[in-house]
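Visitor: Before anything else, here's the structure in question.
Rule-based calculations on the coordinates, nothing more; no lab input. Here the structure is a predicted model, which means the values were calculated and not measured. Here the Cβ is made from the backbone with ideal geometry for all residues, glycine too, and neighbour counts use every protein chain on show.
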């Protein structure tokens, strides 16, 4: 006899909560952080994952000073190349803390995560089994 354990719905609620909290966090950043355009200086790879690339950008901060920031968002297929101008959002208290400011980065991932959890909740529980 095989023991079947139903996949707990709490996992899907965690997906939904994580997505909504991350979405709310990104919305707050839109109001608190400064927006500008930056120029991609180079693409660097993460130390632990050579295939994950992130851009290093140069921009002028709100004080008129030149700044450089290594963007935290990375991908294995870079969306930008050296010399591209990209929209960024940065912390006015620390201009080295910056992010790419596009719909996909700010809202796409959190919405996808929340929707994934919501859709999974719609699947009948008797179909979720670990054997």
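Visitor: Please state which one of 29, 53, 43 is touching a residue at least 40 places away in the same chain (Cβ under 8 Å) and either surrounded by 15 or more Cβ atoms within 10 Å (Cβ to Cβ) or touching a strand residue (DSSP E or B) at 6+ places or on another chain (Cβ under 8 Å) (or both).
Guide: 29
Visitor: Based on this model, can you work out whether residue 109 counts as assigned to a helix (DSSP H, G or I) and surrounded by 15 or more Cβ atoms within 10 Å (Cβ to Cβ)?
Guide: Here the answer is yes, as residue 109 does meet what is asked.
Visitor: Answer yes if at least one residue in region 71-82 is touching a residue at least 40 places away in the same chain (Cβ under 8 Å), touching a helix residue (DSSP H, G or I) at 6+ places or on another chain (Cβ under 8 Å), surrounded by 12 or more Cβ atoms within 10 Å (Cβ to Cβ) and farther than 30 Å from residue 9 by Cβ, and no otherwise.
Guide: no
Visitor: Okay, next question. Within region 87-100, can one find any residue that is in contact (Cβ under 8 Å) with a residue 24 or more places away in the chain, in contact with a strand residue (DSSP E or B) (Cβ under 7 Å, 6 or more places away or on another chain) and exposed (fewer than 12 other Cβ atoms within 10 Å of the Cβ)?
Guide: The answer is yes; a qualifying residue exists.
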